[in-house]
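The values are calculated or read from the model by the stated rules, or taken from the named source; none is laboratory data. The shown structure was predicted, so the numbers you read here are calculated from the model rather than taken from an experiment. Don't worry about glycine lacking a Cβ; one is built from the backbone with ideal geometry, like all the others, and counts go over all protein chains shown.
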Amino acid sequence: MKLHPRNVRFFEVDALLRGLGFVVFNKRGSHYTYHHPAGTVLTVVKPHGKHTTCHPTDIRKLLKVLGL
C-alpha cells in the first residue's frame, strides 16, 4: 500500500479498516466515513464508473492515520 498507493482497491481498504476496529458511521454517495473508538475519523471515497482503485490521496491519508 505504501509503495503503490495507486493500486489499492476499495474493498481492501474497507476490510483493513474494519479489521482494525473502525466502523462506518456515515455514508453519502461514494463517501464513506469511518470512526474508531479511540476518536479517529477518516473519510474514503469509493471509486465508481471506470475507476477500480482508490485515489492515492485517500491512501496517503489512511497511512497517515495508521501511523505508517
Near pairs, Cβ below 6 angstrom, 6+ apart or cross-chain, from the range 34-46 (of a type in the set (S, T, N, Q)) to any residue that is at pLDDT 95 or above and surrounded by 12 or more Cβ atoms within 10 Å (Cβ to Cβ): Thr43/Thr33
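Taking Lys64, is it surrounded by 10 or more Cβ atoms within 10 Å (Cβ to Cβ), assigned to a helix (DSSP H, G or I) and more than 11 Å from the chain's Cα centre (by Cα)?
Details: surrounded by 10 or more Cβ atoms within 10 Å (Cβ to Cβ): yes; assigned to a helix (DSSP H, G or I): yes; more than 11 Å from the chain's Cα centre (by Cα): yes.
Answer is yes for this residue.
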Taking the residues in the range 9-54 that are surrounded by 15 or more Cβ atoms within 10 Å (Cβ to Cβ) and among the polar types (S, T, N, Q) as candidates, determine which candidate is nearest to Leu66 (Cα to Cα). Thr33
